[in-house]
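Have a look at the structure below before the remarks.
Derivation of every value follows stated rules applied to the coordinates shown; laboratory data play no part. Just so you know, these numbers come straight off a predicted model, no measurement behind them. Cβ atoms come from the backbone with ideal geometry, glycine included; neighbour counts cover every protein chain shown.
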Amino acid sequence: MNSSKIIDGKQLAANLRKEIADGVSRLKADKGVTPGLAVILVGENPASVSYVTAKEKACAESGMLSREIRLPAEISEAELVAIVKKLNDDTVIHGILVQLPLPKHISEKAVINAIAPEKDVDGFTPVNVGRMMIGEECFLPCTPHGIIKLIEFSGMDIRGKHAVVIGRSNIVGKPVAALLARRETNATVTLCHTGTPDVSHFTKDADIVVVAAGHPNTLTGDMLKPGAVVIDVGVNRIPDATRPKGFRLVGDADFESCEKVAGAITPVPGGVGPMTITMLLWNTLESARRVANG
Ligand code: GUN
């Protein structure tokens, strides 16, 4: 018996991208400003190449300027930092994104710290993270922001609910837990991680489960309370000889068993992924608006 509803991230992303494209047109017409995003990719990690290609395409479709900077894996940290600093001073660029992960010899911290906070549309700099934590104006990190929008789109009123987040990464787990606990959303939040002895003890009581652990089958249907909303952030490649590329994508939740118990669930692909890119465009438009309005 399949009772759960698929949360269509592509549909929500399309709705928001229409609004963003309208915003870009208005900003061009009223202020003569075209939002510009610089995307830096170091090396040729296949997953990163496909993310970056999708970001550039989305940027162009919304009417923004997209500057693609592809660099060899051997580039030094100092050279990369110098490129970022040059973009900080480039007035046609309103957002800078350095695709992670970076090659091992480069400190991600050093590179992220070099991005000017007012161009940090990923919301990764310590200044933005700090502002988010204390409720000041900032760029919200894209995937966590997209997750909040997806839960709202599912029809669930987050206020007063118990949300369980599985995974404590700086990109997803920690910030999404912080956003869910803000006064606006008012959820009670449990953050589970590799040190949690029995994750199902918490998920069985959860109205919302966000799974961002980086492993398939982290969440199964028997771990859920009936009717829970499940947001699956995982993107895992599983070998599959029947597919043209030789693999298929699965999330961190076992979709088949979770779908039978959940009230609503995001698919992989087509759930969180399109929303991450959409919120990046949202932040880039916001950054350009701030510049245009002084
Ligand atoms: N790598 C995986 N997700 C992201 C993201 O949202 N932004 C950047 N810059 N790198 C990533």
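Quick notes on this one:
- Rounded to the nearest 20 debye, the dipole magnitude of the chain is 300 debye, with +1 charges on Lys and Arg beta carbons, -1 on Asp and Glu beta carbons, and the Cα centre as origin.
- Cα centroid separation, the stretch 133-166 to the stretch 1-78 (Å): 20
- Here the stretch 11-87 is treated with +1 on each Lys and Arg Cβ and -1 on each Asp and Glu Cβ, and its dipole about the Cα centre works out to around 340 debye.
- Size of charge dipole - the stretch 170-278 - debye, nearest 20, with Cβ of Lys, Arg +1 and Asp, Glu -1, no other charges: 320
- Shape category assigned to the stretch 1-86 from the gyration tensor of Cα positions, a/c cut at 1.5: oblate
- The Cα atoms of the stretch 141-294 give a gyration tensor whose axes a ≥ b ≥ c have a/c of 1.5 or more with a/b no greater than b/c, which makes the shape oblate.
- Highest-MSF residue in the chain out of Gly195, Gly43, Gly214 [GNM, Cα springs under 10 Å]: Gly195
- In degrees, nearest ten, helix 77-88 long axis to first principal axis of the chain (Cα): 80
- Applying 1/(1 + (r/R0)^6) with r as the Cβ-Cβ distance of Lys86 and Thr220 and R0 = 51 angstrom yields a FRET efficiency of 0.60.
- Rule-of-thumb Rg ratio for the stretch 99-145 [Cα; 2.2 N^0.38 Å; N residues]: 1.17
- Result for the chain in a Gaussian network model with C-alpha springs under 10 Å: among Ala187, Ala14, Ala29, the largest mean-square fluctuation is at Ala29.
- Computed label-point distance, nm, for sites Val49 and Ala21 using a 7 Å Cα→Cβ extension: 2.8
- Across Lys57/Lys149; Lys109/Lys225; Lys28/Lys85; Lys57/Lys161, pairs whose alpha-carbon gap is larger than 29 Å: Lys109/Lys225; Lys57/Lys161
- The stretch 45-92 shape via C-alpha gyration tensor axes, a/c threshold 1.5: oblate
- Three principal axis lengths of the chain [C-alpha, angstrom, descending]: 54, 41, 35
- In the chain, helical runs assigned H by DSSP with n ≥ 4 each contribute -39500 (n - 2.57); averaged across all residues and rounded to the nearest 500, the mean residue ellipticity at 222 nm is -12500 deg cm²/dmol.
- Efficiency of FRET between Val291 and Glu68 - r from beta-carbon atoms, R0 22 angstrom, step 0.05: 0.55
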